[in-house]
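Enquirer: Let me give you the structure first, and then I'll get to my questions.
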Amino acid sequence: MSHPPLATCPPAQRPHEASDWLKRWSHVLPPHSRVLDLACGFGRNALWLAQLQMDVLALDRDSAALEHVKSSGIKTLCADVENAAWPLSGERFGAVVVNNYLWRALWPDLMNCIEEGGFVIYETFCEGHQAYGKPSRPDFLLQSGELLRVFKDFKVLGYEEGLLRQPTRYVQRIIAQKPSLSITPTHLAIGSLECGY
């Protein structure tokens, strides 16, 4: 089944550039926040955050990719979070960034490691993407509205779901804030995909 694009986007970002979604929302992070870049790969998002003076921990299971990140002075952790225990038990972060990665079993650990008032900035492929390439297995594609359901107890600042061009991909993305125990979450700016970047 083919899905029409929801918006026409500018030329694709270069592979070493940070996610446009992260760039759009990084202004909400307090200065010098402690940020976990989960499944960071070669660290394009970690490098962007470090330039913003964030205290970044880049986590990935690919030690060669982490060497590139480490050479930039960013703290790294090599860990296989899919086949071993969560390595950051008891650690807290002001934000967790996840880009192009999905392992649902990690969601409880991910939410627990975000401190009260902290943020999740998450973007990955969702249903509909199988028409355009890999990943195409349901295990690696979010169901429609899934991030909203997963982070239902967070305050949603922004949410988008739909087709992006250059490169063509069907994605779901969210920016949400973990409430303090004394604040009831509210939801803001939930809508269809707007590709302004």
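We did not get these values from a lab; they are worked out from the coordinates using the rules stated. Model, not experiment: these values are computed from the prediction. Cβ coordinates were reconstructed from backbone atoms using ideal geometry, including for glycine residues, and neighbour counts include every protein chain displayed.
Enquirer: Fewest Cβ neighbours within 10 Å first, please rank LYS23, LYS155, LYS178, LYS134 accordingly.
Expert: By the 10 Å Cβ count, ascending: LYS134, LYS23, LYS155, LYS178.
Enquirer: Sticking with this structure for a sec: What list do you get for PHE140, PHE119, PHE125 if you sort them by fewest beta carbons within 10 Å?
Expert: If I rank by nearby Cβ atoms, fewest first, I get PHE140, PHE125, PHE119.
Enquirer: Then there is this: Among bridges DSSP assigns within the stretch 20-177, what percent are antiparallel (round to 5)?
Expert: 45 percent
Enquirer: In addition: Quick check on the stretch 20-177: take the gyration tensor over C-alpha atoms, sort the square-rooted eigenvalues as a ≥ b ≥ c, and tell me if it's rounded (a/c under 1.5), prolate or oblate.
Expert: Verdict is rounded for the stretch 20-177.
Enquirer: If R0 is 35 Å, what FRET efficiency do you get for SER63 and MET111 from their C-beta distance, rounded to 0.05?
Expert: Rounded to the nearest 0.05, the efficiency is 0.85.
Enquirer: Quick one: MET111, MET54, fewest Cβ neighbours within 10 Å first, how do they rank?
Expert: The fewest-first ordering by Cβ neighbours comes to MET111, MET54.
Enquirer: In percent, how large is the relative contact order of the stretch 20-177, given Cα pairs closer than 8 Å and 6 or more residues apart?
Expert: 18 percent
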